[in-house]
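Just below is one structure, and these are the notes that go with it.
The values are calculated or read from the model by the stated rules, or taken from the named source; none is laboratory data. Keep in mind it's a predicted model, so treat the numbers as computed, not measured. Positions of Cβ are backbone-derived with ideal geometry, glycine not excepted, and every protein chain shown enters the neighbour counts. Accessible surface is based on the protein model in full, side chains and every heavy atom, while ligands, DNA and RNA are left aside. Shrake-Rupley method; radii C 1.70, N 1.55, O 1.52, S 1.80 Å.
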Amino acid sequence: MAFILNFAHDHIDPLLLILNEYVSMCEGGWEPTVVLHTTSNWTSTMHRYMRQRTYCYRKGASINIRVDIHDKSVGTGLSMKHKRILQEELDNHDFFVYHEDDIIFKYSHLVGYLNETKALHELNPDGELRTSVIGFQRYRRLMRSNVHSAFHEKDIFEQELMEEMPDFIPICIKNSPYILVRGNTHQAIWAFTRGQLKMLQEKCHFLEHVQPSREFMSSYLVFDHKTNYCAMNKLIPGERLQTFNIWHYYQQRHVSWTPVFRADENVRAGYQYQTTGAPSNAPECWKPIIERTRAEQAADHPVEKNATAPASRV
């Protein structure tokens, strides 16, 4: 079940991209129900438009869309409204996701999340999922204004830029490499299995804890280490940063200029993601990734025969 915070019709472009992904999930064997929390009244024409846009061949019908309409005076309190439905539907679905209507949650995110959550559990069945969860890193995409202008390889690598600039800490869990994300953990989305939600309810009353804040409802309640918060560690698998990057369709006001690909390349090579050459002090389980990545990067820029290559540090 998906809960999408959709204040009004002005975010229709990313919303249609999102609904395309839920149609793909349906074609892939899932039975998604999408709840749109909105302040826009839907006419019968709008319902018909969405029904025709979200047809799923596997089931011979459109995906399930519920429209939860509230008065515009609700303001940012609209971000709290999914909790009541979540409590009612908890035992009727296997997986739940909440996100804003310009966060493009993809079918591949669902598959990746479930696979990596299973792997995390198998590393420490006695409690890893009580303290840690696979997270996402937002990025924005620079759109080309003139498709007839020259566009080079370097432009491709710099087209996607990190939205937040958190702290990336390389760690090992049973000899498996992970990125522990601290600092700004905002991601405008949470994703949990039914079992994870029941655990969070025991741990921090997740199903009942609300504030009229988009950032709180999607991220801070989950990740902040404060009294009565859930205090979960936000983890990204060491070699899957690109997998768990998630597109923020409309960029925020305070932007960074760090390309996602460069950040990923730096992390894999054992450097701080913002600065090539500044060591990240990655622990031992990262050594194979670092050695392989540095070898691949060196092959991109071969050293001349008479030149002396700098010593690498791991």
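Here are some notes:
- First in the range 42-71 and modelled with pLDDT of 95 or more, second anywhere and open to solvent by 80 Å² or more (accessible area, probe 1.4 Å), Cβ under 6 Å, 6 or more apart: SER62/ARG51; SER62/TYR55
- Pairs where the first residue, in the range 1-18, is open to solvent by less than 30 Å² (accessible area, probe 1.4 Å) and the second is among the small types (Gly, Ala, Ser) and in a helix (DSSP H, G or I), C-beta under 9 Å, 6+ apart: LEU5/SER79; LEU5/SER218
- Hits in the range 288-314 - residues which are in contact with a strand residue (DSSP E or B) (Cβ under 8 Å, 6 or more places away or on another chain) and at pLDDT below 95: ARG313
- Single match in SER79, SER73, SER132 (criterion: surrounded by fewer than 18 Cβ atoms within 10 Å (Cβ to Cβ) and either over 21 Å from TRP42 (Cβ atoms) or of a type outside the set (Lys, Arg) (or both)): SER73
- Matching residues in the range 145-172 - criterion: being part of a loop (DSSP other than H, G, I, E, B), closer than 24 Å to ASP102 by Cα and either open to solvent by less than 80 Å² (accessible area, probe 1.4 Å) or among the polar types (S, T, N, Q) (or both): SER145, ASN146, GLU158, GLN159, GLU163, GLU164, MET165, PRO166
- Index of the failed condition, TRP30 passing every other in (1) open to solvent by 30 Å² or more (accessible area, probe 1.4 Å); (2) of a type in the set (Phe, Trp, Tyr); (3) under 25 Å from GLY77 (Cα atoms): (3)
- Selection within the range 103-116 - in contact with a strand residue (DSSP E or B) (Cβ under 6 Å, 6 or more places away or on another chain) and not in a helix (DSSP H, G or I): ILE103, ILE104, PHE105
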